[in-house]
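Novice: My questions will all concern the structure given below.
The values are calculated or read from the model by the stated rules, or taken from the named source; none is laboratory data. Source: prediction; values computed, not measured. Backbone-built Cβ (ideal geometry, glycine too); neighbour counts: all protein chains shown.
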Amino acid sequence: MNLHRVTAIAVKEVLQVWRDPRSLMIALLLPFTQMFLFGYGVNLDLQHLPVCTFDREGSQLSQDLFKHFQASPYFAIARNVTSYADVVAAIDHGTCNFAIVVPPDFSERLNDTGTASVQAIIDATDDNTANIAYGYAAAVVEGYSSDVTVSWMNRQGKPLQQTQPMVTQSRVWFNEDLESRNFIIPGLVAMILALVGAQLTSLTISREWERGTMELLVSTPVQPSEVMFGKLAPYLILGWVDAAFCLALAALWFGVPYRGTLFALFVTTSLFLIVVLGIGYLMSVVIRSQVGASQIALLVTMLPTTLLSGYIFPIDQMPKAIQTITYLIYSRYYVSIVKDLFLKGSSLAALSTPILFLVVYAAAVLILAARAFRKRLD
Amino acid sequence: MNASSAAEPQIAVDDLVKRFGQFVAVDHVSFSVGRGEIMGFLGPNGAGKSTIIRILCGLLRPSAGRALVAGIDVAADPEAVRERIGYMSQKFSLYRDLSVEENLKFFGGIYRVPRDQLPERIRFATQMAGLARREKDLVSTLAGGWQQRLALGCAVLHRPPILFLDEPTSGVEPTARRQFWDLIHTLAADGVSVLVSTHYMDEAEYCHRAALINQGRVIAIGSPEELRHTALGGELLLVEGENLGSMLAALREAPGVLDCSVFGNALHVLVGDAERSLRELPAFLAKRNLRPGRLERINPSLEDVFVQLIANDMAQRSRAA
């Protein structure tokens, strides 16, 4: 391999990218919009779920129960209705996802027997949200119920020492606030880099075939590896700019705590960039058409990274067969690395397994791409 | 390997065949090009000119036969050949979004022109192309003729001994074409062997030798003089006058006449011996009450020659088929 030639190709590529607004748009504008779109759009936390109440009793006790719901950060009472038909309408229209119905004999039963039930109606169109909401609602009712018990005992003149034989004192590590954003944003960076990186390089070789410049280039003594490294180098630099931008937004704008070293982030991000740039380049070499190569590059980066990398859907909750497939998804390694670097502050040594996988992947993609490059027209 | 001994041809093609599936694009072609020689490839579009050139540049693999460029077998060692050639493809293939100078620097880097020699080579190329002081202009802003000359400049930047130019003057205005051929002659005078294809038949006059290619086969090869005088297999007479139809029928029966065809509002008569036919034909026609207004020997243009040769070739093929 000759450095003279690699440099000539790299310089030419820089000039072309610099003069091509489309490439620059992909490189600089896409990460920006994606970070904000997905950073704000993808949120698995349940907050201020609109609740509809139907109080068939209208007593002090029933109003106390609603106050508990109102005080919870997970619920917000949006409607107070006076008939079942209105409850159904509120849920049908989607103005409320959740309804609580207090029966007419609520206080009576509570005072007489010490137990009473309320009805919860949940819109389970989104089963995930419904499950979470149900859990939170049960917790709110339980909290209220123990308040009632205490005051009832007090009134009976039996002051109650609330004692429980065993208590779990749980402490959450790494994502202390259990904010889904802290979990999603680092993975989002991986997805954006995969998308943008492969898009950029998917155009480089196919563009030369389409414009006819490739016929002249392959008639020269240039070697496939020289073309590849010359073409990838400028995009690696662009990739670093994008990565720095996205990671800085993640830490500074979205406030995801970063606990690792910058060196570890640089090494692993560079490796990941080489993999995704290499994949885009490989598509470009094989497909020889800009539209085709960029479509396929989109397909092989965005789809597996979104679905199978653990960016949103945890890998250990997938069926065994799918879990095995995820080992083939290069972004799975970077997603786990970047989450660990952000939240756990892992050392390079602790990350050696995913790093090794990325190294193998990068080597395989580059070797494949160099070999797929044919200096012939037939 | 002694790639450049003066006696050896710089390009030697022997029984070359290229098939694309069932289609035979190059059909047992043989020829050679010497040092400093300009060999022209002429023929209609789709005749196989570009395919032969691409094989010689190592871009296509020959199906059979052998092609030596600078003494090296192209199929066996295309990279060694690529070091020694310059190529201008049929479709313009410089970077339009780069300037004149940036393109030259790029190819200088690709061909590993030593850095201390590059400025001088670039100066040579821009002067040759007539683009001095336009080095900073984007290639997309240049007119067709200038673009082609820049492409030639890029192709000779590394001083290759052999040049392949595939239709370099196509789509270029006549005066610019003339200038382009002057450049080719300057390079050839320095010892560069040039294989150049064109579909402008008149450009064969600028070549040292020309090969006429039709449907993948070389149907005639030689210097313009040789082609003019021998390729037709006779000499050409022009006949004008009334009653061309009867004249045509009569002349086809006349002794010493090989062929006769209508050419515009006159007849072209191919004869074995022009002197003799000029003496004998007036009497022969007079006997049949035919009076040619004009009967004279003409020097056929190369275009005439090629049109005739291609027509003959087509007729022969259809008889064979």
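Novice: Give just the number: which of (1) surrounded by 15 or more Cβ atoms within 10 Å (Cβ to Cβ); (2) closer than 20 Å to A:Tyr235 by Cβ; (3) more than 14 Å from chain B (Cβ to nearest Cβ) does A:Ser72 not satisfy?
Specialist: (2)
Novice: Taking the range B:170-209 on its own, how many of its residues are in contact with a Lys or Arg (Cβ under 6 Å, 6 or more places away or on another chain) and assigned to a loop (DSSP other than H, G, I, E, B)?
Specialist: Looking only at that region, the number is 1.
Novice: Pick out, from the range B:214-321, the helices (runs of 4 or more DSSP H) lying fully within it that include 3 or more residues that are over 30 Å from B:Val33 (Cα atoms).
Specialist: Values: elements: B:224-230, B:244-253, B:274-286, B:302-320.
Output list reads B:244-253, B:274-286, B:302-320.
Novice: So, one more: Is it the case, given these coordinates, that B:Asp97 is surrounded by fewer than 21 Cβ atoms within 10 Å (Cβ to Cβ), over 22 Å from the mean Cα position of the chain (by Cα), more than 10 Å from chain A (Cβ to nearest Cβ) and of a type in the set (D, E, K, R)? Steps first, answer last, please.
Specialist: Details: surrounded by fewer than 21 Cβ atoms within 10 Å (Cβ to Cβ): yes; over 22 Å from the mean Cα position of the chain (by Cα): yes; more than 10 Å from chain A (Cβ to nearest Cβ): no; of a type in the set (D, E, K, R): yes.
Criteria not met by B:Asp97.
Novice: Right, here's the next one. Is there a residue being surrounded by 16 or more Cβ atoms within 10 Å (Cβ to Cβ), touching a residue at least 40 places away in the same chain (Cβ under 8 Å), within 14 Å of chain B (Cβ to nearest Cβ) and not charged (D, E, K, R) anywhere in the range A:16-33? Lay out the reasoning, then the answer.
Specialist: So the first thing to find is which residues in the range A:16-33 are surrounded by 16 or more Cβ atoms within 10 Å (Cβ to Cβ), and the list is A:16-17, A:23, A:26-27, A:30-31.
Those still in the list that are touching a residue at least 40 places away in the same chain (Cβ under 8 Å) too: A:17, A:23, A:26-27, A:30-31.
Cutting the leftovers down to within 14 Å of chain B (Cβ to nearest Cβ) gives us A:17, A:23.
Next cut, not charged (D, E, K, R) only: A:17, A:23.
Among the residues of the range A:16-33, at least one is surrounded by 16 or more Cβ atoms within 10 Å (Cβ to Cβ), touching a residue at least 40 places away in the same chain (Cβ under 8 Å), within 14 Å of chain B (Cβ to nearest Cβ) and not charged (D, E, K, R), which makes the answer yes.
Novice: Evaluate the range A:39-46: report whether one residue or more is in contact with a helix residue (DSSP H, G or I) (Cβ under 9 Å, 6 or more places away or on another chain), modelled with pLDDT of 90 or more, farther than 22 Å from A:Ala124 by Cβ and of a type outside the set (A, V, I, L, M, F, W, C).
Specialist: Checking the range A:39-46: not a single residue is in contact with a helix residue (DSSP H, G or I) (Cβ under 9 Å, 6 or more places away or on another chain), modelled with pLDDT of 90 or more, farther than 22 Å from A:Ala124 by Cβ and of a type outside the set (A, V, I, L, M, F, W, C).
Novice: Still on this structure, please answer the following. Can you work out which of the residues in the range B:34-63 that are out of contact with any His (no Cβ under 9 Å at 6 or more places or on another chain) and of a type in the set (A, V, I, L, M) is farthest from the other protein chains (Cβ to nearest Cβ)?
Specialist: Taking the range B:34-63 and keeping what is out of contact with any His (no Cβ under 9 Å at 6 or more places or on another chain), we get B:35, B:41, B:46, B:48, B:50-63.
The next check asks that each one be of a type in the set (A, V, I, L, M); those that pass are B:52-53, B:55-56, B:59-60.
Values: B:Ile52: 13, B:Ile53: 10, B:Ile55: 10, B:Leu56: 10, B:Leu59: 5, B:Leu60: 5 Å.
Checking each candidate, the answer is B:Ile52.
Novice: Hey, among A:Thr53, A:Thr115, A:Thr95, which residue is in contact (Cβ under 8 Å) with a residue 12 or more places away in the chain and assigned to a loop (DSSP other than H, G, I, E, B)? If you could, list the steps in order and put the result at the bottom.
Specialist: Values: A:Thr53 fails: assigned to a loop (DSSP other than H, G, I, E, B); A:Thr115 fails: in contact (Cβ under 8 Å) with a residue 12 or more places away in the chain.
None of the others qualify; the one that does is A:Thr95.
Novice: Spot the failing condition for B:Tyr87; the list is (1) surrounded by fewer than 18 Cβ atoms within 10 Å (Cβ to Cβ); (2) at pLDDT 95 or above; (3) at the interface with another protein chain (Cβ under 7 Å from one of its Cβ atoms), and only one is missed.
Specialist: (1)
Novice: Pick from the range B:100-114 the residues that are among the β-branched types (Val, Ile, Thr) and in a helix (DSSP H, G or I): which of them is surrounded by the most Cβ atoms within 10 Å (Cβ to Cβ)?
Specialist: B:Val100
Novice: Let me ask another. Take the conditions without any contact (Cβ under 8 Å) to a residue 24 or more places away in the chain and surrounded by 14 or more Cβ atoms within 10 Å (Cβ to Cβ) and apply them to B:Leu248. Does it pass? Steps first, please.
Specialist: Details: without any contact (Cβ under 8 Å) to a residue 24 or more places away in the chain: yes; surrounded by 14 or more Cβ atoms within 10 Å (Cβ to Cβ): yes.
For B:Leu248, the condition - without any contact (Cβ under 8 Å) to a residue 24 or more places away in the chain and surrounded by 14 or more Cβ atoms within 10 Å (Cβ to Cβ) - is met.
Novice: Could you identify the single residue in B:Gln215, B:Gln147 that is out of contact with any strand residue (DSSP E or B) (no Cβ under 8 Å at 6 or more places or on another chain), at pLDDT below 95 and polar (S, T, N, Q)?
Specialist: Details: B:Gln215 fails: out of contact with any strand residue (DSSP E or B) (no Cβ under 8 Å at 6 or more places or on another chain).
None of the others qualify; the one that does is B:Gln147.
Novice: Of the numbered conditions (1) touching a residue at least 60 places away in the same chain (Cβ under 8 Å); (2) buried (at least 20 other Cβ atoms within 10 Å of the Cβ); (3) among the small types (Gly, Ala, Ser), B:Gly36 satisfies every one except a single condition; which is it?
Specialist: (2)
Novice: Let me spell it out: the conditions are (1) modelled with pLDDT of 95 or more; (2) surrounded by fewer than 24 Cβ atoms within 10 Å (Cβ to Cβ); (3) not aliphatic (A, V, I, L, M), and A:Thr269 meets all of them except one. Which number is the exception?
Specialist: (2)
Novice: Can you tell me which residues in the range B:102-137 are within 11 Å of chain A (Cβ to nearest Cβ) and of a type outside the set (A, V, I, L, M, F, W, C)?
Specialist: B:Glu102, B:Asn103, B:Lys105, B:Gly108, B:Gly109, B:Tyr111, B:Arg112, B:Pro114, B:Arg115
Novice: For the range B:154-194, which positions are out of contact with any strand residue (DSSP E or B) (no Cβ under 9 Å at 6 or more places or on another chain), in contact (Cβ under 8 Å) with a residue 24 or more places away in the chain and of a type in the set (Asp, Glu)?
Specialist: B:Glu173, B:Asp190
Novice: Anything in the range B:115-151 that is of a type in the set (Lys, Arg) and in a helix (DSSP H, G or I)? List them, or say none.
Specialist: Restricting attention to the range B:115-151, the residues satisfying the condition of being of a type in the set (Lys, Arg) are B:115, B:121, B:123, B:133-134, B:136, B:149.
Matches in the range B:115-151: B:Arg121, B:Arg123, B:Arg149.
Novice: Could you check the range A:315-330 and list, in sequence order, the residues that are in a helix (DSSP H, G or I) and either touching a residue at least 12 places away in the same chain (Cβ under 8 Å) or under 23 Å from A:Ile279 (Cα atoms) (or both)?
Specialist: Across the range A:315-330, the qualifying residues are A:Ile315, A:Ile322, A:Gln323, A:Thr324, A:Ile325, A:Thr326, A:Tyr330.
Let's see how each residue does on (1) out of contact with any helix residue (DSSP H, G or I) (no Cβ under 6 Å at 6 or more places or on another chain); (2) away from chain B (no Cβ under 14 Å):
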{"residue": "A:Ser202", "(1), (2)": "no, yes"}
{"residue": "A:Pro221", "(1), (2)": "no, no"}
{"residue": "A:Met228", "(1), (2)": "no, yes"}
{"residue": "A:Lys231", "(1), (2)": "no, no"}
{"residue": "A:Trp240", "(1), (2)": "yes, yes"}
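Novice: Related question: Got a sec? Which of B:Ala188, B:Ala129 is among the aliphatic types (A, V, I, L, M) and modelled with pLDDT under 95?
Specialist: Working: B:Ala188 fails: modelled with pLDDT under 95.
The conditions single out B:Ala129.
Novice: Report, by residue number, each residue of the range B:88-99 that is of a type in the set (A, V, I, L, M) and not in a loop (DSSP other than H, G, I, E, B). Before the answer, list the steps.
Specialist: We begin by selecting, within the range B:88-99, every residue of a type in the set (A, V, I, L, M); these are B:88, B:94, B:98.
Correct list: B:Met88 only.
Novice: Is it true that B:Arg66 is within 14 Å of chain A (Cβ to nearest Cβ) and among the basic types (Lys, Arg)?
Specialist: It is false that B:Arg66 is within 14 Å of chain A (Cβ to nearest Cβ) and among the basic types (Lys, Arg).
Novice: Those residues that are surrounded by 21 or more Cβ atoms within 10 Å (Cβ to Cβ) and either at positive phi or among the polar types (S, T, N, Q) (or both), I need them from the range B:177-206; list them, please.
Specialist: Result: B:Ser193, B:Ser197, B:Thr198.
Novice: Something else: I want to confirm something. Restricting to the range B:150-173 and keeping residues that are more than 19 Å from the chain's Cα centre (by Cα) and aliphatic (A, V, I, L, M), which single residue is nearest to B:Gly71 (Cα to Cα)?
Specialist: My answer is B:Val156.
Novice: Select from the range A:352-378 the residues that are in a helix (DSSP H, G or I), surrounded by fewer than 16 Cβ atoms within 10 Å (Cβ to Cβ) and not aliphatic (A, V, I, L, M) and write down the one among them that is nearest to the other protein chains (Cβ to nearest Cβ).
Specialist: A:Arg371
Novice: Every residue in the range A:1-10 that is assigned to a helix (DSSP H, G or I) and either at the interface with chain B (Cβ under 7 Å from one of its Cβ atoms) or under 36 Å from the mean Cα position of the chain (by Cα) (or both), please.
Specialist: Applying the first criterion (assigned to a helix (DSSP H, G or I)) to the range A:1-10 yields A:3-10.
Across the range A:1-10, the qualifying residues are A:His4, A:Arg5, A:Thr7, A:Ala8, A:Ala10.
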